[in-house]
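Heads up, the thing below is written out as structure tokens.
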Amino acid sequence: MMDGTTSIYRNDEKEGAVSDTGYITADGRQIGGTLMELRNITLKFGGVVAIKDISFDIREGEIRAIIGPNGAGKSSMLNIISGFYTPSEGALWYKGAERPPMKPYEVARMGIARTFQNIALFEGMSVLDNIMTGRLTHMKAGIARQALWWGKARDEEIANREVVEKVIDFLEIQAIRKTPVGRLPYGLKKRVELARALAAEPSMLLLDEPMAGMNVEEKEDMSRFILDVNDEFGTTIVLIEHDMGVVMDLSDRVVVMDYGKKIGDGAPDEVRANQAVIDAYLGVAH
Ligand SMILES: Nc1ncnc2c1ncn2[C@@H]1O[C@H](COP(=O)(O)OP(=O)(O)O)[C@@H](O)[C@H]1O
Ligand SMILES: [Mg+2]
């Protein structure tokens, strides 16, 4: 299954086998067992079949890329994982149990955070305040409780601020923390969006084209931050990305979609050598 050039090792020290509990990559990263399974997912919008009977899994700690031409159904797939869409058919398993239909905020509370293909920040608010909104899923003190036990609410506020400051340091955006987001260049807005997602301290992070529209330098920065997040926090990352160089560099495994169908799935080298993938995607410029 895996060729000699891929970075897949097994836990049990036998060449070539990937065990249920995980494996270690050539560069020493620990990939765990299955965290999420998408089973026979179909998604229809009226007569449009956006996703057709797709199955794949996501392992704990890996960087899992989803690639494919425009309209392939990639964003729709991320929207299913994040609870924005409910599949027409099929099931989503998470940590070994079928996940019932959930609202996006419920999915967020389970530790799944996302960024959007089109930036969705509050342009008039500062970087800091935008990132603070990423803490909303963690805020327990309701209005009434805040009035009665304001001390508790204040403790929570302080704890939230600490997390946010850590994220700001981590993504190296101290210098713009007070700047209104609307005044930032595109690449930095994308970084602020990543910061807001990280402020939720997610165990799984969904990134929809985090590098689209960026110049080479911005892409390099973003790639480094994605790898650092994965490395430092062990965050599982699902990444939609068009730049094949980036996908090959960053991801452990790749799902390839075309017209709502899965046409490839495997390590980057395997996928790159797959004729169906070459025909559908890699042969054409995007
Ligand atoms: N909310 C929606 N309503 C109707 N059609 C949609 C909706 N979202 C996506 N689609 C359709 O589903 C298909 C897949 O779209 P999308 O998931 O955005 O693809 P990708 O992210 O791979 O470019 C497209 O044909 C798109 O027009
Ligand atoms: Mg998309």
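The values are calculated or read from the model by the stated rules, or taken from the named source; none is laboratory data. Bear in mind the structure is a predicted one, so any value in this text is a computation, not a measurement. Positions of Cβ are generated from backbone atoms using ideal geometry, with glycine treated the same way; all protein chains shown enter the neighbour counts. For the accessible areas, the whole protein counts, side chains as well, though only heavy atoms, and no ligand, DNA or RNA atoms are used. Shrake-Rupley method; radii C 1.70, N 1.55, O 1.52, S 1.80 Å.
Total residues in segment 107-126 satisfying the condition of being within 17 Å of the chain's Cα centre (by Cα) and of a type in the set (D, E, K, R): the figure is 2. Against the condition within 20 Å of Glu241 (Cα to Cα), open to solvent by 10 Å² or more (accessible area, probe 1.4 Å) and more than 15 Å from ligand 1 (Cβ to nearest atom), how does Arg64 come out, does it pass? It is false that Arg64 is within 20 Å of Glu241 (Cα to Cα), open to solvent by 10 Å² or more (accessible area, probe 1.4 Å) and more than 15 Å from ligand 1 (Cβ to nearest atom).
Does Glu37 satisfy the condition of being open to solvent by 10 Å² or more (accessible area, probe 1.4 Å), more than 16 Å from ligand 1 (Cβ to nearest atom) and out of contact with any Asp or Glu (no Cβ under 9 Å at 6 or more places or on another chain)? Considered against the rule, which asks whether it is open to solvent by 10 Å² or more (accessible area, probe 1.4 Å), more than 16 Å from ligand 1 (Cβ to nearest atom) and out of contact with any Asp or Glu (no Cβ under 9 Å at 6 or more places or on another chain), Glu37 comes out as no. Just one of the numbered conditions (1) within 16 Å of ligand 1 (Cβ to nearest atom); (2) open to solvent by 30 Å² or more (accessible area, probe 1.4 Å); (3) farther than 14 Å from Ile51 by Cβ is not true of Gly83: (2). Answer yes or no as to whether Lys95 is more than 15 Å from ligand 1 (Cβ to nearest atom), open to solvent by 70 Å² or more (accessible area, probe 1.4 Å) and free of Cβ contacts under 8 Å to residues at least 40 places away in the same chain. No. If the condition is being among the hydrophobic types (A, V, I, L, M, F, W, C), within 15 Å of the chain's Cα centre (by Cα) and over 20 Å from Val254 (Cβ atoms), then segment 198-224 contributes Leu198, Ala199, Ala200. Inside segment 194-213, residues that are part of a loop (DSSP other than H, G, I, E, B), open to solvent by less than 20 Å² (accessible area, probe 1.4 Å) and either closer than 27 Å to Gly71 by Cα or within 16 Å of ligand 2 (Cβ to nearest atom) (or both) make up a count of 3.
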